[in-house]
Amino acid sequence: MRTTRTWSRQICRRFVTEIDHLPAARVFVGLAIPGLVLIGVGRTDLLIYAVFGSFTGMYGFAESARQRLIHQSEAAVMLVGAVGAGILLARAHSHPAVLVSAVAVFAAVASPITDRLGLRPEGPFFGIFAFGAIAMVAGAQHDPVLALLLCSGTAALCVLVGYLESTRRDRRAGLCALRVPIAPHRTGRVSSVQAGRYALAISISGGIGLLLGVGHANWAMAAAAVPLAAASSRDRITRGMHRVVGTFIGLAVTAPLLIPGPSAAMLGLAIIALLYPTELFMARHYAVALGFFTPLIMSMTELADPADPLTMLTERGIDTVLGVAVGIAVALLIREPATPEVPAFETPVCETLHTGGHG
C-alpha cells in the first residue's frame, strides 16, 4: 500500500508542482460560490455565464498583487465584453455568417490589445470561445440581463479573490526568490500579423463549419485559435496536436457523463469540480487539461441549450480536427516578419513560498 501511495505521489509531482495548486484553487473558488448558488436555486441554465466569468481567475498566474489586479481586471473586461457581444448577436437572431464575421473581427481587434497588455494566458482565446459559445446558446436564455450580470459578478469575484490571496501571500512571503521566464510581448508588425492570422483562421474554420452545419462553427473557430498562441512553428504544431488528443480524451470522459442523462444539479456539480483539474494542468500539460476542460464545456453547453449527446460528441470531434488543421495551416503559411531577438524577462513566482503553511 505504501509503495503504491509513493508511486502515485511521484506521478502527480511529474505532472504538477506546488505552484500550480493555488491558481487552480483560486479559479475553483471563483466558480464554486456562484455555481453552488445557481444549483441551489435551480438555475443551472445560467451556469455557462458564471463559468466564462470565472476564467478571469486564470490570468495573473504568478504576479504581484498590483499586477494581478490590473491584468485580471483587463481580462474581466474582455470576457464580459465577449459574453455581452454574444448575447446581443443571439438576441438579434443574426445570420450564422454574421456570427463568424463578428468573432473574426473580435479576434483581430482583441489580439493586439492582449499583446500590448501582456495578458497571460496569451492571446484572446477565452474571449473568442466565450463570444462564439454564448452567441450559439443565448437565444434560448429568457433572462439575458441577469446572465450578463452573473458573468460580470463572477468575474469581479475572481478579481477580488485573486487580489486578496496575492496581498496575503506577499505579506507572508516577503521577497520572492524564485523567478520564471516570461516571453516578451508581441509588438508592431509582429502583433499585426498575429491579428491577421486569428481573423483568417477563424473566418476559414467558421466558414467550413457553417457548410457542415451551424452547430459546428463555434467549436471549429475555437480550435483554430489554439495553435496561434504558441511562439514558434514547432510549438504551434505541438499545441494543435495536444488540442486534438486532449479533446478526444475529454470526449471519452464526456460520454459516460452526458449519455445516461444525469440531473441538472449533478451536471452542475461536475462542472464546478472539473474546473480545478483543468486549471491545475493548463499551464504545463495542455492535453491533460483538455481531458477535464472538454467535459466541462460540453456539460455547461448542455445545460444552457440541451442537445442529443451522441450528435454533440461526434460534431465536437470533427470540429476539433477541422479547426486545428486550419489554425496550423494559417500559422505555417503566414510567417512573422523578422525582428531582433529580445531576451525574456523574469517575474517572481511567489506562490511557491507560502505553500508550506497550508500543507
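The values are calculated or read from the model by the stated rules, or taken from the named source; none is laboratory data. As the structure is a prediction and not an experimental result, all values here were calculated from the model. Neighbour counts run over all protein chains shown; Cβ positions are idealised from the backbone, glycine included.
Just a few scattered comments:
- Candidates E279, E336, filtered to the one that is of a type in the set (D, E), surrounded by fewer than 24 Cβ atoms within 10 Å (Cβ to Cβ) and over 19 Å from F131 (Cα atoms): E336
- Subset of region 92-103 (residues that are farther than 17 Å from F52 by Cβ and either among the aliphatic types (A, V, I, L, M) or in a helix (DSSP H, G or I) (or both)): A92, P96, A97, V98, V100, S101
- Selected residue [modelled with pLDDT of 90 or more and closer than 25 Å to R236 by Cβ] from V342, V321: V321
- Restricted to region 289-318, and to residues there that are over 27 Å from A24 (Cβ atoms) and of a type in the set (D, E, K, R), the residue that is surrounded by the fewest Cβ atoms within 10 Å (Cβ to Cβ) is D308.
- Hits in region 83-103 (condition: within 13 Å of I202 (Cβ to Cβ) and surrounded by 23 or more Cβ atoms within 10 Å (Cβ to Cβ)): L99, V100, V103
- Residue check for G30: of a type outside the set (V, I, T), in contact with a Ser or Thr (Cβ under 7 Å, 6 or more places away or on another chain) and at pLDDT below 95: yes
- Lone qualifier among G139, G162 - being within 15 Å of Q72 (Cβ to Cβ) and among the small types (G, A, S): G162
- A201 closer than 25 Å to F28 by Cβ, at pLDDT 95 or above and surrounded by 22 or more Cβ atoms within 10 Å (Cβ to Cβ): no
- Qualifying residue in region 31-46 (condition: within 24 Å of R120 (Cα to Cα), surrounded by 22 or more Cβ atoms within 10 Å (Cβ to Cβ) and of a type in the set (G, A, S)): no
- Among residues of region 104-131, those that are assigned to a helix (DSSP H, G or I), buried (at least 19 other Cβ atoms within 10 Å of the Cβ) and of a type outside the set (D, E, K, R), counted: 15
- Inside region 172-198, residues that are part of a helix (DSSP H, G or I) and either modelled with pLDDT of 85 or more or of a type outside the set (V, I, T) (or both) make up a count of 12.
- The residue pairs whose first member lies in region 58-87 and is touching a residue at least 24 places away in the same chain (Cβ under 8 Å), whose second member is of a type in the set (D, E, K, R) and assigned to a loop (DSSP other than H, G, I, E, B), and whose beta carbons are closer than 7 Å, counting only pairs six or more residues apart or on different chains, are Y59/R120; F61/R120; H71/E63.
- G213 being under 23 Å from G139 (Cβ atoms) and more than 15 Å from the chain's Cα centre (by Cα): yes
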